[in-house]
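The values are calculated or read from the model by the stated rules, or taken from the named source; none is laboratory data. These numbers come from a predicted model, not from an experiment. Please note: Cβ atoms are built from the backbone with ideal geometry, for glycine as well, and neighbour counts cover all protein chains shown. Note: accessible area is taken over every heavy atom of the protein model, side chains too, but ligands, DNA and RNA are not part of it. Shrake-Rupley method; radii C 1.70, N 1.55, O 1.52, S 1.80 Å.
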Amino acid sequence: MEFDEGLEKTIGDLARIGGSRPLKELAPGDWTSVQVLTGPASGARIERELGRPVTVEGDGTHSGDYIQDGNLLVFDRDGTTTRMVSLGTLAALGEGKYRADVVLQARGGAITMTDPDGRPAGG
């Protein structure tokens with residue numbers, strides 16, 4: 001797990017300023033879906049949400065648990081975790097599983113996750 005200060009700042013700025021950005025543009029990489037959780041979250045809860053065993057260690061963790069109050073993003077490709085990112089204390093994203101084409105739509109300080117056509121994304 002890593003703390004991504006740049007992603008945390010970009011998402012925080014988007015919430016404050018407004019507008020929309022594809023998450024894939026903000027967090028490029030080889031991933032096809034992202035699971036968004038809000039901490040703190042036990043390692044057992046994270047495994048339940050993902051539906052598979054996972055090692056929770058690194059920035060924002062302690063004894064196998066995610067201890068931050070903000071969002072945890074688990075990027076997957078074909079059911080395999082490619083990256084786990086902590087946004088520290090920023091909890092701007094709604095929990096759920098989203099496809100790689102999800103768009104962050106900010107209005108009035110809140111961010112909603114939408115499909116590219118603007119419809120609410122299944123989260």
**Complete:** Within region 35-51, the residues that are open to solvent by less than 20 Å² (accessible area, probe 1.4 Å) and under 13 Å from residue 65 (Cβ atoms) are 37, 39, 41, 43, 46
**Message:** Taking the condition of being on the phi < 0 side of the Ramachandran plot and either more than 14 Å from the chain's Cα centre (by Cα) or among the small types (Gly, Ala, Ser) (or both), how many residues in region 65-104 meet it?
**Reply:** 10
**Asked** Taking interchain pairs and intrachain pairs at least six residues apart, which have beta carbon atoms under 8 angstrom, with the first residue in region 82-93 and without any contact (Cβ under 8 Å) to a residue 24 or more places away in the chain and the second open to solvent by less than 10 Å² (accessible area, probe 1.4 Å) and of a type outside the set (Lys, Arg)?
**Response** 89/70
**Request:** Restrict the check to region 15-34 and report whether at least one residue is surrounded by 17 or more Cβ atoms within 10 Å (Cβ to Cβ), assigned to a helix (DSSP H, G or I) and either polar (S, T, N, Q) or at pLDDT below 95 (or both).
**Result:** yes
**Request:** With the checklist (1) open to solvent by less than 60 Å² (accessible area, probe 1.4 Å); (2) modelled with pLDDT of 95 or more; (3) not in a helix (DSSP H, G or I) in hand, flag the one item residue 54 doesn't pass.
**Result:** (2)
**Request:** Mind listing whichever residues of region 78-123 are more than 21 Å from residue 50 (Cα to Cα), loosely packed, with under 14 Cβ neighbours inside 10 Å and small (Gly, Ala, Ser)?
**Result:** 108, 109, 110, 118
**Message:** Looking only at residues that are assigned to a strand (DSSP E or B) and out of contact with any Gly (no Cβ under 7 Å at 6 or more places or on another chain) in region 57-77, which one is most open to solvent (accessible area, probe 1.4 Å)?
**Reply:** 62
